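The structure under discussion appears below in the form of structure tokens.
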Amino acid sequence: GLAASALVAFKALSLVKSILGVVFQQSPPKVIVPIEPTESADVLLNVSKIDPSKLCSSKNKVQLFDPATYDNLGEVPVTTKAEVEEKVHKAREAQKEWRKS
């Protein structure tokens, strides 16, 4: 009867509405961040090279370098297992808050 016809028409309109919503959905705004010249360079300028065979072992510092180019990226202090575990714990706690944003 009339109720069944109305239900079919309603379902058809709902389907058309959802299809049109997908087709005409607004795109998110495009954000362009300009690349700095040093970020796009194939070779880092004014960066010293290292010889990996001459790296000195140190219990206090870790030498950082790009293995593809041997660009010297500096050094960082060695961290203990407890320090790594603390940083991981803090990162996991921060993730709980971040995922809500």
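Here is the figure for region 47-70: residues that are open to solvent by 80 Å² or more (accessible area, probe 1.4 Å) and in a loop (DSSP other than H, G, I, E, B) total 7.
Looking across Leu73, Leu44, one residue alone is in a strand (DSSP E or B) and either touching a strand residue (DSSP E or B) at 6+ places or on another chain (Cβ under 6 Å) or basic (Lys, Arg) (or both). It is Leu73.
Scanning region 67-81 for residues that are farther than 19 Å from Cys56 by Cβ and in contact (Cβ under 8 Å) with a residue 12 or more places away in the chain yields one hit, Thr69.
Here Ser27, Ser18, Ser40, Ser5 are screened, and the one residue that is open to solvent by 80 Å² or more (accessible area, probe 1.4 Å) and small (Gly, Ala, Ser) is Ser27.
For region 31-38, does any single residue satisfy the condition of being over 30 Å from Ala68 (Cα atoms) and within 21 Å of the chain's Cα centre (by Cα)?
Here is the first cut: in region 31-38, the residues over 30 Å from Ala68 (Cα atoms) are 31.
This time we only want the ones that are within 21 Å of the chain's Cα centre (by Cα), so: 31.
Scanning region 31-38, I find at least one residue that is over 30 Å from Ala68 (Cα atoms) and within 21 Å of the chain's Cα centre (by Cα), so the answer is yes.
The values are calculated or read from the model by the stated rules, or taken from the named source; none is laboratory data. What you are looking at is a predicted structure, and each value in this text was computed from that prediction instead of being measured. Every residue, glycine as well, gets a Cβ built from its backbone with ideal geometry; the counts of neighbours run over all protein chains shown. The area values use the complete protein model at the heavy-atom level, side chains included, leaving out ligands, DNA and RNA. Shrake-Rupley method; radii C 1.70, N 1.55, O 1.52, S 1.80 Å.
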